[in-house]
Amino acid sequence: MLAILGELAAFLAGGCSWGHVRDRERILFSTIGTRLFQDYVFSIRPNGSGLKAVLKPEPNRSYMFASANSMSGPMLVTVHELAPGNDKVEDHLYFWSPDVDNWQRVLPGSAPQGPGILSPDGNSAVYCARSVGSPPETSLRVVDLRTGESRELVAADSFKGLYLPSWGVLGKIAFIRTFRSGGLRTELLEMPSHGGEQTVLVPPEDGAMSAAYSPDGREIVVWMKEGLEIVALDSGDRRVVLKRASIGSDYSFRSWGMGGLAWSEEGQIALSLLKKKTGESELWIVNADGSNPKRIYATTAGQILVSQFIQ
Amino acid sequence: MVSFEAPAENPSDQSPVDGVADSGQKLSQVGSGNGNMDTFEGYTQGPYGIDDHPLARDNANWQVTGNFATIFSPAPCNVGQQTHFVPLGGAEFDETCRV
């Protein structure tokens, strides 16, 4: 009986749609604030209703990015916090259990660490590890969240940047590699999550900026030169979902080195765009067939960084 | 400071840049504020391209410089410099390298 009442409440709160998955689905995203320690993690329904602050900043601590497989389950959170001595700020990875509000460090504070995302089974995470040096170097590492053991997935290279990992259900990790050759070039690569050969999915001439796997892991959506495109991983076939030209020249895509796109079980894609004229950061939804693109939320208090759809 | 670079293929987009030297100098104090530093130096850090200075005085006018020559050789864009009022609670200075 209680379960039925819960469904009814969800139905009414969700705008009276019978699509149960859609009712339960939420977009997890963060806003990178325009001032120190003003970074939030939010969730919102795909129809733009029910905005909820999942993590609110504290005086010496804020939340840059969160990754989770469900709203109630543990979240991998990148915490931006004041370092001992109070003169600098560091990012640390934590495993947060919302039900008991328990925070656990994933890695020792001295270990290079940056934002990360959970594996589909929730047992591991891939994260950016930036070493201090000149020039700085970033590697991609995978940590087993049950044992705390960390291994290198992609080695650092002084002349190449590594950003924006995405973990698909078929055991592959995609990531953006940047390098300079007559300007900043970007390419999208994919490799097995346990290591191995790297495959180029999108070459530098197409300017990939961010990517997210489809729920079945067989396709990947990418923001690139022409706009939002879907790449079939078996055939390499590509189709444009949202043409850059169709949304106007006043919009740009601002990458934050992590996240940026998400793909739902219901076939919707979430992305954030920056409206240059107003400085508003906007959260957009578009169906994977390209239909019904719409803005569902906007703010000038920070830059929206899409993480993923969760239930 | 937050440092970005416009990719060659998508010049209207922005990608964060790691390792840009940033420095700041307080020009004038407007009223009482927080912090105790009148100058700062540092490097933006990946993957966000952010360098925070929590002890820099707020409620003051600041001149902030971003020098991309620390990561580019030769530097494709000039040193960026901005002068802004920083209110109580702080402010963000964005520098974007466009080739």
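The values are calculated or read from the model by the stated rules, or taken from the named source; none is laboratory data. Computed from a predicted model, the values in this text were never measured in an experiment. Here Cβ is always computed from backbone atoms with ideal geometry, including for glycine, and neighbour counts include all displayed protein chains. Only protein heavy atoms, including side chains, enter the accessible area calculation; ligands, DNA and RNA are left aside. Shrake-Rupley method; radii C 1.70, N 1.55, O 1.52, S 1.80 Å.
Here the condition is being within 13 Å of another protein chain (Cβ to nearest Cβ) and of a type in the set (D, E, K, R); of A:Asp101, A:Asp157, A:Asp121, it holds for A:Asp157 alone.
Taking A:Ser214, is it under 16 Å from the mean Cα position of the chain (by Cα) and at pLDDT below 95?
The answer is no for A:Ser214.
So which residues in region A:220-246 are away from chain B (no Cβ under 11 Å), of a type in the set (A, V, I, L, M, F, W, C) and either assigned to a strand (DSSP E or B) or touching a Phe, Trp or Tyr at 6+ places or on another chain (Cβ under 8 Å) (or both), if there are any at all?
Those that are away from chain B (no Cβ under 11 Å), of a type in the set (A, V, I, L, M, F, W, C) and either assigned to a strand (DSSP E or B) or touching a Phe, Trp or Tyr at 6+ places or on another chain (Cβ under 8 Å) (or both): A:Ile220, A:Val221, A:Val222, A:Leu228, A:Ile230, A:Val231, A:Ala232, A:Val240, A:Val241, A:Leu242.
For A:Leu201, state whether it is among the hydrophobic types (A, V, I, L, M, F, W, C), touching a residue at least 24 places away in the same chain (Cβ under 8 Å) and either surrounded by 15 or more Cβ atoms within 10 Å (Cβ to Cβ) or within 14 Å of chain B (Cβ to nearest Cβ) (or both). Yes, satisfied. Residues in region A:155-182 that are open to solvent by 60 Å² or more (accessible area, probe 1.4 Å) and modelled with pLDDT of 95 or more: A:Val169, A:Leu170, A:Lys172.
Output the number of residues of region A:183-198 satisfying the condition of being open to solvent by less than 40 Å² (accessible area, probe 1.4 Å), away from every other protein chain (no Cβ under 14 Å) and assigned to a loop (DSSP other than H, G, I, E, B).
2
For region A:56-81: of the residues being within 11 Å of chain B (Cβ to nearest Cβ), open to solvent by less than 40 Å² (accessible area, probe 1.4 Å) and not small (Gly, Ala, Ser), which is farthest from A:Trp263 (Cα to Cα)? Step by step, filter region A:56-81, then rank; the result is A:Glu81. Counting only strands (runs of 3 or more DSSP E) that sit completely within region B:1-54, those holding 3 or more residues that are surrounded by fewer than 15 Cβ atoms within 10 Å (Cβ to Cβ) and more than 10 Å from chain A (Cβ to nearest Cβ) correspond to B:21-29. Screening A:Leu305 against (1) within 12 Å of chain B (Cβ to nearest Cβ); (2) open to solvent by 10 Å² or more (accessible area, probe 1.4 Å); (3) within 23 Å of A:Val126 (Cα to Cα); (4) in a strand (DSSP E or B) leaves a single unmet condition, (2). A single entry from A:Gly236, A:Gly207, A:Gly267, A:Gly248 fulfils the requirement of being without any contact (Cβ under 8 Å) to a residue 40 or more places away in the chain and touching a Lys or Arg at 6+ places or on another chain (Cβ under 7 Å): A:Gly207.
Checking the condition part of a strand (DSSP E or B) and farther than 20 Å from A:Ile310 by Cα, which residue from A:Arg141, A:Arg146 passes? If you could, list the steps in order and put the result at the bottom.
Details: A:Arg146 fails: part of a strand (DSSP E or B).
Just one listed residue meets the conditions, A:Arg141.
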